[in-house]
Amino acid sequence: MGTPLPDKDDLLRQYRSMMRIRRFEEEAARNYAKGRIGGFLHLYIGQEAIAVGAVDALRDQDYVFQTYRDHGIALARGMPAKAAMAELFGKDTGCSRGMGGSMHFFDVERNFLGGWAIVGGHMALAAGTAFKSRYNGEDRVTICFFGEGSTNIGGFHEAMSLAGLWKLPIVFVCENNQYAMGTPLERTSALKDLSIKAKGYAMAGARFEGHDVTLVQERIAEAVDRARTGAGPTFIEVLTYRFRGHSMSDPAKYRSRTELEQKKQLDPIQVARERILELGVEEAKLDDIDLEVDEEIDAAVKFAEESEPARREVMLGTVYAEEGEL
Ligand SMILES: Cc1ncc(C[n+]2csc(CCOP(=O)(O)OP(=O)(O)O)c2C)c(N)n1
């Protein structure tokens, strides 16, 4: 399938969204190094086109689940950078009131239901919201992201199995960034083409590259439509690459500099930038967007710094959701 021709305004909007994620995470990394952010920090840099393309294939009422590598999808879904940065800083103004940190972003208003740290653990929860939508006759699709490292774990099988059996309105998106921590896929999986796994659960499968935001949007939209019209779930493998280590504490010595440099040739932001220029947009327009994004992220850091720390008395009240809240 050839790459579809993008609409100029859509692509500009998506470029801005990807830049927001990139700058947010670069600033997060800097502040982590300064000791202002605690716990783990897993960056999404290099994978931005997947989150941004996917969000544009969804409607506001749809549910979104992600792993601990969750800043990208949360921001793409519209979470204010201030709420996201404050969460990293452990502040009361954060999206999870400073209780969750990097791995546990949450935003009920935007139907972003986490931010989950246990590999494969959130997949059954996603199947659960898909079941609930079907049971209640709601027009809602669930999309669930996870890494290729999840695909041999029990939770993956359980969620895929029930989704296939009950033809749930769900899209499973495996972001195959080639490594699970430091372990390459060929050391953990007999299958190289993971999309074949879809057949084992009687669902549709798809496999494509994740550096072209327009292509990602189009291909995920096909799966979302399938789910929305009652034609059942899809398992998608998107081929991608993370430019940073697994987390901030990983120097990524298991891969070569040449490999990294080669993969960076397909930087999704650079790809979008070049495409926009080809469509006749002035470079100055893109530079303006970059500047506005910089200002937004700088303001988010300032906001996070100046916010009050997470409050002990909030803790118990945030353990359970109120009935009917979701
Ligand atoms: C059940 C479980 N086992 C192990 C871990 C430790 N762990 C955290 S991330 C990770 C690798 C997951 O890789 P992948 O699913 O490919 O996602 P990626 O980090 O590449 O986005 C592991 C083993 C965990 N969080 N949960």
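A short reminder: the numbers here are calculations on the coordinates, not readings from a lab. On a predicted model such as this, the values are computed, not experimentally measured, just so you know. Positions of Cβ are generated from backbone atoms using ideal geometry, with glycine treated the same way; all protein chains shown enter the neighbour counts.
So the values come out like this:
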item: FRET E, pair R312, W166, Förster distance 30 Å, beta-carbon r, rounded to 0.05; result: 0.10
item: Debye log10 I(q)/I(0) at q = 0.07, 0.11, 0.13 Å⁻¹ for the chain, Cα point scatterers; result: -0.26, -0.68, -0.97
item: Potential extension, E282-K192 segment - 0.36 nm per residue separation minus Cα distance; result: 28.2 nm
item: Candidates per GluC sites (Glu not before Pro) in the stretch 284-326, loop by DSSP, up to 14 other Cβ within 10 Å; result: E322, E323, E325
item: Most mobile listed residue (D60, D70, D267) in the chain, GNM with C-alpha springs under 10 Å; result: D60
item: Residues of type lysines that K132 reaches as a straight line, Cα spacing below 29 Å, ignoring anything fewer than 8 places off in the same chain; result: K167, K197, K199
item: Whole-Hz couplings from phi, Karplus 6.51/-1.76/1.60, listed for the stretch 297-305; x for Gly and Pro; result: 6, 4, 5, 5, 5, 4, 4, 5, 4
item: Segment K199-K302, length gained on full extension (0.36 nm per residue, minus Cα span); result: 32.2 nm
item: GNM result for the chain, Cα springs below 10 Å: residue of G72, G98, G121 fluctuating most strongly; result: G121
item: Straight-distance crosslink candidates among lysines, where the alpha carbon sits under 27 Å from K302 and sequence neighbours closer than 8 are dropped; result: K34, K82, K91, K285
item: Dipole magnitude (debye, nearest 20) for the chain, charges at Cβ of Lys, Arg, Asp, Glu; result: 1180
item: Coordinate range along principal axes, alpha carbons of the stretch 260-326, Å, largest first; result: 53, 30, 27
item: Local electrostatic count, K167, Cβ distance below 13 Å [Lys/Arg +1, Asp/Glu -1]; result: +3
item: Extreme residue, positive dipole direction of the chain, given options V319, N152, V52 (C-beta unit charges); result: N152
item: Directionally averaged shadow of the stretch 105-240, computed from the convex hull of its alpha-carbon atoms, nm²; result: 8.0
item: Convex hull of Cα atoms in the stretch 1-150, direction-averaged projection (nm²); result: 10.0
item: Inter-site label distance for D294 and E109 at 7 Å from Cα along Cβ, in nm; result: 2.9
item: For the stretch 217-314: Kirkwood Rh in Å [reciprocal of mean 1/r, alpha carbons]; result: 18.5
item: R13/Q61 FRET efficiency (R0 25 Å; Cβ-Cβ; nearest 0.05); result: 0.75
item: Cβ-derived FRET efficiency at R0 22 Å, Q262 paired with T183, nearest 0.05; result: 0.65
item: Globularity ratio of the stretch 1-76, using Cα Rg and 2.2 N^0.38 Å; result: 1.25
item: Value of [θ]222 nm, deg cm²/dmol, for the chain, DSSP H segments ≥ 4, -39500 (n - 2.57) each, nearest 500; result: -13000 deg cm²/dmol
